[in-house]
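Beneath this line is the structure, given in structure tokens, with notes to follow.
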Amino acid sequence: MRLAGYSLGGEETVIAVPELNVCFDIGKCPKDVLPIDYVLLSHGHMDHAAGLAYYFSQRGFVGNSPGTVLLPTALVEPVHSLIRSWAMIEGHPSAANVVGMEDGDEFSLRRNLTAKAFAVNHGRPSLGFTVIEKRQKLKPEYSGAAANELVALKKQGIQIQHELAVPLISYLGDTAPCDFAARDFIRKSRVLIIECTFFEPDQVRRARAGRHLHVTDLKGILDPMECEQIVICHTSRRVSISAAKAITADHLPEDIMARTVFLMERSAERRRRRPPSLETT
Ligand SMILES: [Zn+2]
Ligand SMILES: [Zn+2]
């Protein structure tokens, strides 16, 4: 699974997962996300939602099918109103599928793949999303059976398979601390994308006021998580990615840190490695 995105707190957050055809939040809608059919919008803050009207309009312009946005139900009407306003400004309407979601709702993205919404703690209608793969697995009692036996059982109308839900990736959006691990599908997600907006010791109060995570919150949230990979996003311009990483390493046990990356650390490294003359040409 490949993630392609940009995320800085208060500025822009957009994280595409092309293999799953989903994009967590839309940011300012960089052109690379236009081919993606589903936007899972966590909340209405401008740094996460600004590009929504552009996304719908551009998809029509380049001949793509109308895009679909899943978002908190409270935002359905305001987003329709935004699209209507843009239709008046542009002089023609843009097709858009706008789907309201509540905590626990599931939406089918394609066969065997759903998006499940869950409540987060950001003080306004806000959701996180988990993309779940539904697999058909042979029931354990038939695991030793030969192929012809299984065919015979199937012909008799006996259900030899059961459905297995595999949570692939969870995105928490913007949030203050919350008992995310209590929900199986989040705790067992292969990949977890988590925000961390504040890293300096004197910023705990700011984190609380804005309902965001401070680096000191991470251990409590991540300790019980079984995720293979943790991706930190929504960092601040006040600290570089490498400084944020060093501070985080002081607050997380080694085994969690070994599974943790920062969303933009590779591009930050690339920028650092490039000779300065290339930066300006
Ligand atoms: Zn934000
Ligand atoms: Zn926010």
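The values are calculated or read from the model by the stated rules, or taken from the named source; none is laboratory data. Since the structure is predicted, the reported quantities are computational estimates derived from the model, not experimental observations. Note that each Cβ is placed from the backbone with ideal geometry, even for glycine, and that neighbours are counted across all protein chains shown.
Kindly indicate which of Leu52, Leu34, Leu82 is among the aliphatic types (A, V, I, L, M) and touching a strand residue (DSSP E or B) at 6+ places or on another chain (Cβ under 7 Å). Just a single option satisfies the conditions, and that option is Leu52.
Every test in (1) more than 16 Å from ligand 2 (Cβ to nearest atom); (2) surrounded by 13 or more Cβ atoms within 10 Å (Cβ to Cβ); (3) in contact (Cβ under 8 Å) with a residue 40 or more places away in the chain is passed by Arg110 save one, and that test is (2).
Tell me, yes or no, whether segment 13-26 has at least one residue that is within 16 Å of ligand 1 (Cβ to nearest atom), of a type in the set (A, V, I, L, M), more than 13 Å from Asn97 (Cβ to Cβ) and surrounded by fewer than 17 Cβ atoms within 10 Å (Cβ to Cβ). I'd like the intermediate steps shown before the answer.
To start, the set of residues in segment 13-26 that are within 16 Å of ligand 1 (Cβ to nearest atom) comprises 13-15, 23-26.
Filter again for of a type in the set (A, V, I, L, M), leaving 14-15, 26.
Filter once more, keeping what is more than 13 Å from Asn97 (Cβ to Cβ): 14-15, 26.
Pick out the ones that are also surrounded by fewer than 17 Cβ atoms within 10 Å (Cβ to Cβ) and you get none.
Among the residues of segment 13-26, not one is within 16 Å of ligand 1 (Cβ to nearest atom), of a type in the set (A, V, I, L, M), more than 13 Å from Asn97 (Cβ to Cβ) and surrounded by fewer than 17 Cβ atoms within 10 Å (Cβ to Cβ), which makes the answer no.
Taking only pairs six or more apart or across chains, which ones have beta-carbon atoms under 9 Å, a first residue in segment 126-154 that is over 30 Å from Ser108 (Cα atoms), and a second residue that is away from ligand 1 (no atom under 16 Å from the Cβ) and part of a strand (DSSP E or B)? Short answer, once both residue conditions are applied: Ala145/Leu138.
The conditions of being outside any strand (DSSP E or B) and either exposed (fewer than 12 other Cβ atoms within 10 Å of the Cβ) or of a type in the set (A, V, I, L, M, F, W, C) (or both) are met by Leu150. In segment 19-31, what residues are more than 16 Å from ligand 2 (Cβ to nearest atom) and in contact with a helix residue (DSSP H, G or I) (Cβ under 9 Å, 6 or more places away or on another chain)? Hits for segment 19-31 are Cys23, Cys29, Lys31.
Here is a yes/no grid of residues against (1) part of a helix (DSSP H, G or I); (2) of a type in the set (A, V, I, L, M, F, W, C); (3) under 15 Å from Gly173 (Cβ atoms):
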| residue | (1), (2), (3) |
| --- | --- |
| Val39 | no, yes, yes |
| His43 | no, no, yes |
| Tyr55 | yes, no, no |
| Ser65 | no, no, no |
| Val69 | no, yes, yes |
| Ala74 | yes, yes, yes |
| His80 | yes, no, no |
| Met88 | yes, yes, no |
| Ala95 | no, yes, no |
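Yes or no: Gly51 closer than 30 Å to His162 by Cα, touching a residue at least 12 places away in the same chain (Cβ under 8 Å) and within 16 Å of ligand 1 (Cβ to nearest atom)? No; evaluated as a whole, the condition is false for this residue.
For segment 227-247, the criterion of being away from ligand 1 (no atom under 16 Å from the Cβ), within 20 Å of the chain's Cα centre (by Cα) and of a type in the set (Asp, Glu) is satisfied by at least one residue. Across segment 187-200, the qualifying residues are those that are crowded, with 24+ Cβ neighbours inside 10 Å and among the hydrophobic types (A, V, I, L, M, F, W, C), and the one among them that is farthest from ligand 1 (Cβ to nearest atom) is Leu192.
Has segment 59-74 got at least one residue that is within 27 Å of Arg266 (Cα to Cα) and modelled with pLDDT of 95 or more? Explain how you work it out, then say what you get.
In the first step, residues of segment 59-74 are kept if they are within 27 Å of Arg266 (Cα to Cα); the result is none.
Checked against the condition, which is being within 27 Å of Arg266 (Cα to Cα) and modelled with pLDDT of 95 or more, segment 59-74 yields no hits at all.
Take the residues of segment 27-48 that are within 17 Å of Ser108 (Cβ to Cβ) and not hydrophobic (A, V, I, L, M, F, W, C): which is farthest from ligand 1 (Cβ to nearest atom)? Going through the qualifying residues, I end up with Asp37.
The residue that is farthest from ligand 2 (Cβ to nearest atom), among those in segment 201-239 that are β-branched (Val, Ile, Thr) and crowded, with 19+ Cβ neighbours inside 10 Å, is Ile230.
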